[in-house]
């Protein structure tokens, strides 16, 4: 080992680069393969069920790009799942499983609706106030499963799913009793004030300023997780809570705070969706963007930087499937199947570790072969047991 | 010579890429006690797992009675007459010894399928009589001593028809007296015609007990010797591959003022047993206070309470005049208590996180690392981490590498590097060298002495009696959650004498023990 040191930084530096790159590259490759595999499966399915598979396939794959309107619609569809995806990145960095962001998002939309309908504020301020209020509501709701887990060890996945029902029906109650437009036959709130609407980015499309707000949040969450002390606390607590506590990190408050931030982002997402896309609250059921957020966060490997990419991909499949179903004989629901496939691939540790395991195995056998080739006699003078590990590293490179 | 069990060119590659056994040729003859020595990580345990069918070899062959065998599980090995006593016992604590013994092969009442406890007890007592391994058949495992649990494990293997017994570091949990007793029992088994493979890294035990000794290093078999024809230095050089300094060099301690005073600490564990029973002690600057005791006699609980990881039911912990009883670990760390946790894998490190993140976990909020508005100064953190990596000789490719990719010794250096640079006045050190290779042990011991000479107060807990005795300036002995002896001068006692206290056979009077408070 000592002779490796005297060789200077040259080869060591390249080894360093080699190591970190490999470790980051492999998950990216697997994620990409999962996405391609899902699309191929989708095409295969189309050929099984469709009477005109070629047209359907074309609509599915190219639909989002065939018309500018469709493309803008794809960008609009990215917005809510970017917010929920970011919120879940934080939860997954903490290694919690709560899906409470569904409640945060939905309640955020309700709070925004109340402000959009009831309050008179100047344009610009109106949606901003709504977002802040929605964020706070979402954040407070977000802390509930974390508090239950810390106080009574209630499983956060179960409790958050239960809370999602509670807050869904509470939201419906608020709309029905306080905000309902009685002139409408369907369940809808009274129309928002004009000042509530976010400006459009491109005239005559649905693309609204919420797209930019989402992009800003991608940057903010990246900075939060990887550049600030709170992000550090969250990542360390997620990596090993026992270690975090031992090192003096206040793990309980970190978990609750992380849930607050996650819910805050979810709540803002709900408000952005309301003020960007709608003239009144008209959801007949919960759109459950949290579940899409799960896929987005998983595809992004819980790194906010990659959330826009995975949100784009999911929106692309969505819009493609939507376009295809309206113009052919394949139902929109087939998208759910593809999402299932993606989750299966990404959630399977064995597949995820395939490349790494293969590389390590190859290195080990290379080391063994080198050992067999080395002159017999066993006892080597350098005596550095770890020397062979270095040899394994170079063996893999060859 | 005809060997009973033999391997030829046995290699094992683990899925994570570790080459744990390389072309190992190993052989044991019928009716002998064969010692297997090597440092931690030398491949002893892997070799035994291959022989016991818990792992299957990547290449090579195992021969039993001259016939090649391939075990697909330990069930096959047991059927072939190979039994293993693991370092961590495989027993059900809430069941009686007799029930544990027959588990899986229970005697039935007549032709019914009801369990016959009386017959199980009879079997246990008969077997114990035959092999001179007497146990309380009706007692629950949780209520009996560690050495009796070990006897039960040996009986369990014999009950299942083992002719070859593999014992994995059986003396690690025993006092010197219990070790002597075990050796007598093992020699009796040999005279019954049983074959024993005895794994250890304590050379004096090998020389006392074994007929032959095989040495492993770095996954390879280095050599096998008749114990009568070989000396210790040869074996220890073969184990390490170089000359080793076996003793610790240190000057006399210059004990200063008291910096930590713990009084009357108590803790009740999950079984309702008083794991810590009104323990008091004081730590002084520039002095290493060693804690001796068989594992599980309250040492872990004491460490956890002193460092804020567990709550005491009574008493107080005062650090430099400030009452910090039952405060969180963070508060104790800020008051200057650093802590090397006994388990570096589950507590001492965050395995998936980078070396850098692990090194900064107790100080990321210090002004030199935290800028305005909660932003971290990442360049400063990286610089500090790299410096620790260099000073503590942590062998890695980069500080950004996950801790999980390091060897045991280097992982421990990450823990030590962090805790020894924490600018603490008090170091609570538990099992600093458990599972660490000899080179790293030397390094760690030197660092601990250095810290003492810088005027730090050190509490050293270790289940390695030799380590505590050679490192410590003064000693306390713990038994059943109590301090039963205090030696102001650690060199004024012997391991035999300590053994009597560890077993609870001897106890000092309260005045003698009370001197540990230096009042």
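Laboratory data are not the source of any read-out in this text; all were calculated from the coordinates shown. Every value quoted in this text rests on a predicted model; they were computed, and no experiment measured them. Note: ideal-geometry Cβ built from the backbone for every residue, glycine included; neighbour counts use all protein chains shown.
Other chains' Cβ within 10 Å of B:350-357 residues: what's the mean? Mind showing how you got there, number by number?
Numbers: counts 12, 3, 5, 8, 3, 0, 0, 4.
Mean partner shielding for this stretch: 4.
In this rough spin-label picture, where each label sits 7 Å from Cα along the Cβ direction, the residue B:454-residue B:346 distance is 3.1 nm.
Averaged over residues, the count of other Cβ atoms within 10 Å places the peptides B:154-165, A:94-105 in the sequence A:94-105, B:154-165, highest first. Listing B:483, B:235, A:265 from fewest to most neighbouring C-beta atoms within 10 Å gives B:235, B:483, A:265. Modelled spin-label separation between residue B:63 and residue B:323, with each label point placed 7 Å from Cα along the Cα-to-Cβ direction: 7.4 nm.
Once every DSSP H run of n ≥ 4 in chain B is given -39500 (n - 2.57) and the sum is divided by its residues, what mean residue ellipticity at 222 nm do you get, rounded to the nearest 500 deg cm²/dmol? Don't skip to the end; give the middle numbers.
Values: 17 runs with 164 residues, N = 519.
Helix contribution divided over all residues of chain B: -9000 deg cm²/dmol.
Across peptide B:360-367, the average count of Cβ atoms from other chains found within 10 Å of a residue's Cβ is 4.
Sorting B:506-518, B:70-82 by their mean Cβ neighbour count within 10 Å, with the most densely packed peptide first, gives B:70-82, B:506-518.
Taking one quarter of the surface of the convex hull spanned by the alpha-carbon atoms of region B:5-240 gives a direction-averaged projected area of 13.5 nm².
Rg/Rh, computed from the Cα trace of region B:10-112 with Rh as the Kirkwood radius, has the value 1.04.
Applying the Kirkwood pairwise sum to the alpha-carbon positions of region B:258-517 produces a hydrodynamic radius of 18.9 angstrom.
Provide the FRET efficiency to the nearest 0.05 for the residue B:491-residue B:269 pair, computing r from the beta carbons and using R0 = 30 Å. Could the numbers behind the result be given before it?
Values: r = 34 Å, r/R0 = 1.12.
In this case the efficiency is close to 0.35.
Computed extension length for residue B:143-residue B:257: 36.9 nm, one decimal, from 0.36 nm per residue of separation with the Cα-Cα distance subtracted. Here the simple spin-label model places points 7 Å from the Cα toward Cβ, and for residue A:132 and residue B:480 these points are separated by 6.6 nm.
Would you mind checking the tilt of helix B:438-453 against the longest principal axis of the Cα atoms of chain B, expressed as 0 to 90 degrees and rounded to 10? So the helix axis and the longest Cα principal axis differ by about 30 degrees.
Where a ≥ b ≥ c are the square roots of the eigenvalues of the C-alpha gyration tensor, would you call region A:28-120 rounded, which needs a/c under 1.5, or, failing that, prolate if a/b is larger than b/c, or oblate?
On the way: a/c = 2.84, a/b = 1.54, b/c = 1.85.
In terms of gyration-tensor shape, oblate.
Roughly how many Å is it from the Cα centre of region B:39-86 to that of region B:208-238, as a whole number? Centre-to-centre distance over Cα atoms comes out at 21 Å.
Rounded to the nearest 10 degrees, the angle from helix B:408-420 to the longest Cα principal axis of chain B is 20 degrees. Rounded to the nearest 0.05, the FRET efficiency derived from the C-beta distance between residue B:125 and residue B:280 at R0 = 60 Å is 0.90.
If you rank B:26, A:365 by fewest surrounding Cβ atoms within 10 Å, what's the result? Don't skip to the answer; put the middle values down first.
Details: B:26 23, A:365 18.
Result, fewest neighbours first: A:365, B:26.
For region A:38-188, what is the convex hull volume of the alpha-carbon atoms per residue, in Å³? All intermediate terms of the calculation are to be shown ahead of the outcome.
Values: hull volume 30.1 nm³, N = 151.
Roughly 199 Å³ of hull volume per residue.
Label point of residue A:69 set 7 angstrom out along Cα-Cβ; within region A:181-218, amide nitrogens under 11 Å from it belong to A:205-206. When only Cα pairs below 8 angstrom with a gap of at least 6 residues are kept, region B:258-517 shows a relative contact order of 27 percent.
Against chain B, whose longest principal axis is taken from its Cα atoms, helix B:117-131 shows a tilt of about 90°. Sorted from greatest to least, the principal axis extents spanned by the alpha carbons of region B:46-157 come out as 46, 36, 25 Å. Annotation: peptides B:198-209, B:222-233, A:199-210, ranked by per-residue average of other Cβ atoms within 10 Å with the highest first, follow the order B:198-209, A:199-210, B:222-233. Could you compute how fast region A:192-273 diffuses translationally, taking Rh as the Kirkwood radius over C-alpha pairs and applying Stokes-Einstein at 4 °C with viscosity 1.567 mPa s? Give it in µm² per second. Using the Kirkwood radius from Cα pairs, D works out to 87 µm²/s. Cα centroid separation, region B:464-519 to region B:262-337: 17 Å. Between residue A:155 and residue A:48, the contour length at 0.36 nm per residue exceeds the alpha carbon distance by 34.4 nm.
Quick one: work out the % antiparallel among DSSP beta bridges in chain B, nearest 5.
55 percent
Remark: mean inter-chain Cβ contacts per residue of B:389-399 equal 3, using a 10 Å Cβ-Cβ cutoff to other protein chain atoms. Counted over all Cα-Cα pairs of the protein assembly as shown, pairs farther apart than 37 Å make up 59 percent.
If you average 1/r over every pair of different alpha-carbon atoms in region A:67-313 and take one over that average, what Kirkwood value in Å do you get? Let's see the in-between values first.
Working: mean 1/r = 0.0554 Å⁻¹.
Taking the inverse mean of 1/r over all distinct Cα pairs, region A:67-313 comes out at 18.1 Å.
Per the Debye formula with a single identical scatterer at each Cα and no solvent contribution, what log10 I(q)/I(0) holds for chain B at q = 0.07, 0.09, 0.12 Å⁻¹? For chain B at q = 0.07, 0.09, 0.12 Å⁻¹, log10 I(q)/I(0) is -0.44, -0.73, -1.23. Kindly state, to the nearest 0.05, the FRET efficiency for residue A:212 paired with residue B:383, given R0 = 30 Å and r defined as their beta-carbon distance. In this case the efficiency is close to 0.25. Applying 0.36 nm per residue to the separation of residue B:118 and residue B:75 and subtracting their alpha-carbon distance, the gain on full extension is 12.8 nm.
For a distance above 21 Å, tell me the whole-number percent of Cα pairs in region B:351-432 that qualify. Let's see the in-between values first.
Details: 905 of 3321 pairs.
Here the tail beyond 21 Å accounts for 27 percent of pairs.
In plain terms, the residue of A:259, B:278 with the fewest other Cβ atoms within 10 Å comes first and the most crowded comes last, giving B:278, A:259. Using alpha carbon centroids, what distance separates region B:88-147 and region A:243-310, in Å? Region B:88-147 and region A:243-310 have Cα centres separated by 55 Å. Here region B:258-517 carries DSSP beta bridges of which approximately 55% are antiparallel, counting only pairs with both residues inside. The antiparallel fraction among DSSP beta bridges confined to region B:5-240 stands at about 55%.
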